[in-house]
Amino acid sequence: MTNTLLSGYGLVESARWHDNRLWFADWGSGDIVAMSPDGTHEIAAHVPTAPFQFCFDWLPDGRMVVMAGTDVLCDGAVYADVSGLAKGWNEIVVSPRGDVYVNGSDFDFLGGGPLVPGVIALVTPSGEVRQVADDIHFGNGMAVTPDGRTLIVAESFARRLSAFDVLDD
């Protein structure tokens with residue numbers, strides 16, 4: 001049995017449970033929508049500069065970060081520029097200590113080009129940006145374990161989940 005919770009949205013991605021609500025990105029409109037268990041919902045944010053894809057998560061202090069294009073945005077401003085590491089970016093996740101992980105590639109997914117393995121970039125709370133992993137075969141979902149010690153990446157084109165140890169440095 002299927003229950004329709006909401007309808008009328010374009011391409012729904014980046015589902016998250018946060019503050020007792022289901023949040024998701026509507027790639028068609030550039031909206032981030034928050035829905036309560038009773039079905040009421042609101043547009044919680046709009047990402048007008050977002051290209052086709054964007055995703056989001058929250059810093060430990062409660063501020064939302066959004067991966068849009070080659071920028072990580074926070075409070076309407078650029079939190080980090082990751083353009084030097086890849087042309088396109090797909091996913092974001094924040095660790096319990098505030099490290100932001102994003103994955104991207106130079107792969108032309110929409111143009112049908114051959115797979116170009118991607119990277120994972122780390123944005124530290126102090127603003128440092130660096131590559132921390134490579135050979136990612138189309139990362140399409142990431143999570144950090146509650147203890148903050150493991151980053152898990154779903155690699156669509158490799159049909160695998162890869163786990164990376166998160167070190168103190």
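The values are calculated or read from the model by the stated rules, or taken from the named source; none is laboratory data. What you see is a predicted model, and the numbers here were worked out from it, not measured in a lab. Neighbour counts are summed over all protein chains in view; Cβ atoms, including those assigned to glycine, are modelled from backbone coordinates with ideal geometry. Ligands, DNA and RNA are stripped out before the accessible areas are found, and what is left, the full protein with its side chains, is counted by its heavy atoms. Shrake-Rupley method; radii C 1.70, N 1.55, O 1.52, S 1.80 Å.
Are any residues in segment 109-131 outside any strand (DSSP E or B) and in contact (Cβ under 8 Å) with a residue 12 or more places away in the chain, and if so, which ones?
Listed by number, the residues that qualify are Phe109, Leu110, Leu115, Pro117, Thr124, Pro125, Gly127.
If Val66 passes every condition in (1) of a type outside the set (D, E, K, R); (2) within 12 Å of the chain's Cα centre (by Cα); (3) over 23 Å from Gln131 (Cα atoms) but one, which one does it miss?
Only one criterion is unmet by Val66, namely (3).
Can you pull out the residues in segment 29-47 that are open to solvent by 40 Å² or more (accessible area, probe 1.4 Å) and either part of a strand (DSSP E or B) or touching a strand residue (DSSP E or B) at 6+ places or on another chain (Cβ under 9 Å) (or both)?
Scanning segment 29-47 gives Ser29, Pro37, His41, Glu42, Ile43, Ala44, His46.
Quick grid of which residues meet (1) closer than 26 Å to Val166 by Cβ; (2) at pLDDT below 85; (3) not polar (S, T, N, Q):
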residue	(1), (2), (3)
Asn20	no, no, no
Ala44	no, no, yes
Ala50	no, yes, yes
Cys74	yes, no, yes
Asp81	yes, no, yes
Gly88	yes, no, yes
Asp99	yes, no, yes
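Can you pull out the residues in segment 54-82 that are farther than 20 Å from Leu151 by Cβ, assigned to a loop (DSSP other than H, G, I, E, B) and open to solvent by less than 60 Å² (accessible area, probe 1.4 Å)?
Result: Gly62, Gly69, Thr70.
What residue, of Asp147, Asp169, is part of a loop (DSSP other than H, G, I, E, B), modelled with pLDDT under 95, surrounded by fewer than 13 Cβ atoms within 10 Å (Cβ to Cβ) and of a type in the set (Asp, Glu)?
None of the others qualify; the one that does is Asp169.
Count, please, the residues in segment 150-166 that happen to be in contact (Cβ under 8 Å) with a residue 40 or more places away in the chain and assigned to a loop (DSSP other than H, G, I, E, B).
2
Find the residue count for segment 100-144, including only residues that are under 17 Å from Phe56 (Cα atoms) and surrounded by fewer than 21 Cβ atoms within 10 Å (Cβ to Cβ).
Going through segment 100-144 one residue at a time, the tally reaches 7.
What number of residues in segment 1-33 are in contact (Cβ under 8 Å) with a residue 40 or more places away in the chain and of a type in the set (Asp, Glu)?
The total comes to 1.
Table: residues versus (1) closer than 23 Å to Asn140 by Cβ; (2) touching a helix residue (DSSP H, G or I) at 6+ places or on another chain (Cβ under 8 Å); (3) part of a loop (DSSP other than H, G, I, E, B).
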| site | (1), (2), (3) |
| --- | --- |
| Asn3 | no, no, yes |
| Leu6 | yes, no, yes |
| Trp17 | yes, no, no |
| Leu22 | yes, no, no |
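Search segment 5-28 for residues being under 15 Å from the mean Cα position of the chain (by Cα) and of a type in the set (Phe, Trp, Tyr), and hand back the single one that is most open to solvent (accessible area, probe 1.4 Å).
The selected residue is Trp17.
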